[in-house]
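One structure is given below, encoded as structure tokens.
Nothing in this text is a laboratory measurement; each read-out follows from the coordinates by a stated rule. Small disclaimer: the values here were computed from a predicted structure and weren't measured. Cβ placement follows ideal geometry from the backbone for every residue including glycine, while neighbour counts extend to all protein chains displayed.
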Amino acid sequence: MKLRNKIAIAAVPAFVYLGNNIFDFTKIEIRNKNLSGLKIIHISDFHNRKLGINKKIIFKKVKNFDPDLIFITGDLIDGRKTDIEIALNFVANLKNISSGEIYYVPGNHEKASRVYPDLKMGLEKLGVNIGSYMGEKIFYRESPLTIYGLKDPRFFSIGGYLKDAIYKKKIREMDIDRSSYNILLAHRPEYLDEYSKKGFDLIFSGHAHGGQIRIPFVGGVLAPNQGFCPKLSEGIKQKRNSTMIISRGIGNSIFPVRIFNNPEIIFVEFK
């Protein structure tokens, strides 16, 4: 075997390791004079990940950003990994280094896990706000914003069926405050059309893992519930008057690696 080929083969594990362990800290600006200065950190799809060498880097970035709000949009745990202490320790560290309120909604993996009730109880003990279907109005300076939360569609299934229809009905029935800036936390991005019809100003989502494998200049290859070449796998998307921010997430699940798709934490600042 030629030396060049040996080097190329040896480089593959290093490439995969770095692509799964070097985090992207994505900065996004939202234009809104009434909320200028508001800072939000968006975290999704942690999947009970052990952070290793990234732990200090992540928490230093969070502390320096000094967020007003931290949003966690589902799959904090993994359906196959039942050690909730990893997830709870991660959230506890976020609480210790930041004065920002934490809001959380569960994803499909929470629904699939028998330990979700224990996770929910642990989060509540830490002072985490479990996203409310009814919304919670808060004020940034003197400007109102209301934060709504939707559980993953699987929480609404009847015998494993009708979850899509019931979830869409839940969205239609939500009563949002038209005098407020309305933010929705929802694990699934593929319902953007329904979210935007309801009139949410800003939506935070995850679930798609960035398409797991990303082809440069093309996009994600495969996402759950969207299939091949998903249109809603990462970044900023617009629909009607709504803006959606989709996180590529932190952890992995059934597919154990990311390719051209580094783990991501999003830093949002209103200007």
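What does the extension gain come out to for Lys197 and Ser36, with contour length at 0.36 nm per residue minus their alpha carbon separation?
Once the chain is fully extended between Lys197 and Ser36, it gains 55.4 nm.
Once label points are set 7 Å from the Cα along Cα→Cβ at both Asn89 and Lys27, what is their separation, rounded to one decimal in nm?
Placing both labels 7 Å beyond Cα along the Cβ direction yields 3.2 nm.
Does anyone have the angle between helix 163-173 and the longest principal axis of the chain? Alpha-carbon axes, 0 to 90°, nearest 10?
Between the helix axis and the principal axis of the chain, the angle is about 40 degrees.
Along the charge dipole of the chain, pointing to its positive end and built from +1/-1 on Cβ of Lys, Arg, Asp and Glu, which listed residue (Leu232, Met121, Tyr167) has its Cα farthest out?
Of the candidates, Leu232 comes out farthest on the positive side.
Testing the spin-label approximation: label points 7 Å from Cα along Cα→Cβ at Val218 and Thr82. State their distance in nm.
4.0
Considering only the other residues whose Cβ falls under 13 Å of the Cβ of Asn252, what net charge follows from Lys and Arg at +1 and Asp and Glu at -1?
Working: positive: Arg49, Lys50, Arg80, Lys81, Arg248, Arg258; negative: Asp45, Asp75, Asp78, Glu264.
Around Asn252, the surrounding residues sum to +2.
Looking at this model, which pairs from Lys50/Lys163; Lys169/Lys239; Lys95/Lys137; Lys60/Lys239; Lys55/Lys198 are more than 26 angstrom apart at the alpha-carbon?
Lys50/Lys163; Lys60/Lys239; Lys55/Lys198
Please give me the summed charge of the neighbours of Pro224: other residues whose Cβ is under 10 Å from its Cβ, Lys and Arg +1, Asp and Glu -1.
Neighbour charge sum, excluding Pro224 itself: 0.
In debye, nearest 20: dipole of the chain around its Cα centre with unit charges on the Cβ of K, R (+) and D, E (-)?
Numbers: 42 positive and 27 negative charges, 152 e Å.
In total the dipole reaches around 720 debye.
Helix-derived [θ] at 222 nm for the chain: sum -39500 (n - 2.57) over DSSP H runs of at least 4, divide by residue count, nearest 500?
-8500 deg cm²/dmol
Set the Förster radius R0 to 35 Å, insert the Cβ-Cβ distance between Leu126 and Ile53 as r into 1/(1 + (r/R0)^6), and round the FRET efficiency to 0.05.
0.90
How high is the relative contact order of the chain? Use alpha-carbon pairs under 8 Å, at least six apart in sequence, and give a whole percent. Working shown, then result.
Numbers: 594 pairs, mean separation 70.9, N = 271.
Averaging sequence separation for qualifying contacts and normalising by length gives 26 percent for the chain.
What percent of all Cα-Cα pairs in the chain falls in each 10 Å bin, counting up from 0?
7, 30, 37, 20, 5, 2, 0
With a sphere of radius 15 Å drawn around the Cβ of Lys27, what net charge do the other residues whose Cβ falls strictly inside it have (Lys, Arg +1; Asp, Glu -1)?
Local charge sum for Lys27: -1.
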